[in-house]
Structure formats: structure tokens, C-alpha cells
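Some notes on the structure that comes next.
Every read-out reported here was derived from the displayed coordinates using simple, explicitly stated rules and does not represent laboratory data. As the structure is a prediction and not an experimental result, all values here were calculated from the model. Here the Cβ positions follow ideal geometry from the backbone for every residue, glycine too, while neighbour counts run over all protein chains shown.
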Amino acid sequence: MELKNYMEKLVMEKLEIVIQANPTMCTCQRCQYDIAALALNALPTRYVATSTGETYTKISSLDQQFHVDVVSAITQAIKIVKKQPHHAEK
């Protein structure tokens, strides 16, 4: 059995889509992880310990507001990271 934060999986899935919609955003791994961390800290956790729990959480994630909240948190995180990226300048 494995304990997982389903929200982390969802943020990582949505992250690429939202970054693509922001072409001026750096896509290096450090910036992506910073964005994900900020977004996850702004969102409620959704821990699951069983496949049944994951199924229930997936069903809950079908709610439109759930997706809006995730995309909004990622978008806000992008704004923060874009202003002060932590990666080394190339």
C-alpha cells in the first residue's frame, strides 16, 4: 500500500498545459518544480491510501470547480516564479 497526495498528480498533469499557455514562462525543471510546490501549498491536500480512495478522489476531481482551483493555483504560482525565478541564468 502506498500513501499518495492525489493533488500532486493532478497539479503535475495540469502544469504542462498551463505553462504552454504562458509562452514567456521558463520551462526548466527547477521553475516547474517551484511552480508545482507553490500551487500545491495553495491547494488542499487529497491523500489516498487505497485504490478505492484514489477512485473516489478522481470522481470528486470531475467537479468543474476542482479543476478551476487547480489551474488558478498554478497560474498564480507562474506569476510568482516568473517574477523571481530561482534557476541559474543561462
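Can you put Val11, Val18, Val68 in order, fewest other beta carbons within 10 Å first?
Details: Val11 24, Val18 20, Val68 10.
Listing Val11, Val18, Val68 from fewest to most nearby Cβ atoms yields Val68, Val18, Val11.
Taking the Cβ of Met25 as the center, what net charge do the other residues with Cβ under 13 Å away carry, scoring Lys and Arg +1 and Asp and Glu -1? Result for the neighbourhood of Met25: +2.
With the simple model of a label 7 Å out from the Cα in the direction of the Cβ, Gln20 to Thr45 spans 3.1 nm. Straight-distance candidates among the aspartates and glutamates for linking to Lys83, with alpha-carbon spacing under 17 Å and chain neighbours fewer than 8 residues away dropped: Asp34.
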